[in-house]
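The values are calculated or read from the model by the stated rules, or taken from the named source; none is laboratory data. Note that the structure is a prediction, hence the values are computed from the model and not measured. Reconstructed Cβ throughout: ideal geometry from the backbone, glycine too, with neighbour counts over all protein chains shown. The area values use the complete protein model at the heavy-atom level, side chains included, leaving out ligands, DNA and RNA. Shrake-Rupley method; radii C 1.70, N 1.55, O 1.52, S 1.80 Å.
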Amino acid sequence: MKPVKRVEVVVNSLQVDAVVQLLERHGVVGHSVIRDVTGRGERGRQTGDELTGAFSNSCVLTTCPPERLDAMLADLRRFLARAGGVALVSDAMWVEH
């Protein structure tokens, strides 16, 4: 196993492509997108049940080598300050096969 940082970014669904591009600029190319994330945050309740999807949230889940994390997070903080959303970072172990 190899230590990595697990990164979860919850943003408006319209911002997913921008988050993925940001990650790729930092060499983070693998990711999963979980659509229609619901919950409650500083902007109130997000139900994800309206017709167009313009107000729904998605979660971008990825891993990052620890040595790339600081630079990637600096860009991600600037992005989230403009676009809104939340990011979580935790320690994880990559199971190599």
Checked the range 52-71 for anything at pLDDT 60 or above and over 15 Å from residue 10 (Cα atoms); matches are 64, 65, 66, 67, 68, 69, 70, 71
First in the range 37-66 and open to solvent by 60 Å² or more (accessible area, probe 1.4 Å), second anywhere and modelled with pLDDT under 60 and not in a strand (DSSP E or B), Cβ under 7 Å, 6 or more apart
38/47; 38/48
Matching residues, the range 55-76, being within 14 Å of the chain's Cα centre (by Cα) and over 21 Å from residue 39 (Cβ atoms)
63, 64, 69, 72, 73, 74, 75
What's the number of the only condition in (1) surrounded by 18 or more Cβ atoms within 10 Å (Cβ to Cβ); (2) over 9 Å from the mean Cα position of the chain (by Cα) that residue 7 fails to meet?
(2)
Log entry, pairs with first residue in the range 1-16 being in a strand (DSSP E or B) and small (Gly, Ala, Ser), second being at pLDDT below 95 and surrounded by 17 or more Cβ atoms within 10 Å (Cβ to Cβ), beta carbons closer than 7 Å, six or more apart or on different chains, reads none
Exception for residue 97 within (1) modelled with pLDDT of 90 or more; (2) outside any helix (DSSP H, G or I); (3) over 17 Å from residue 21 (Cα atoms) falls at (1)
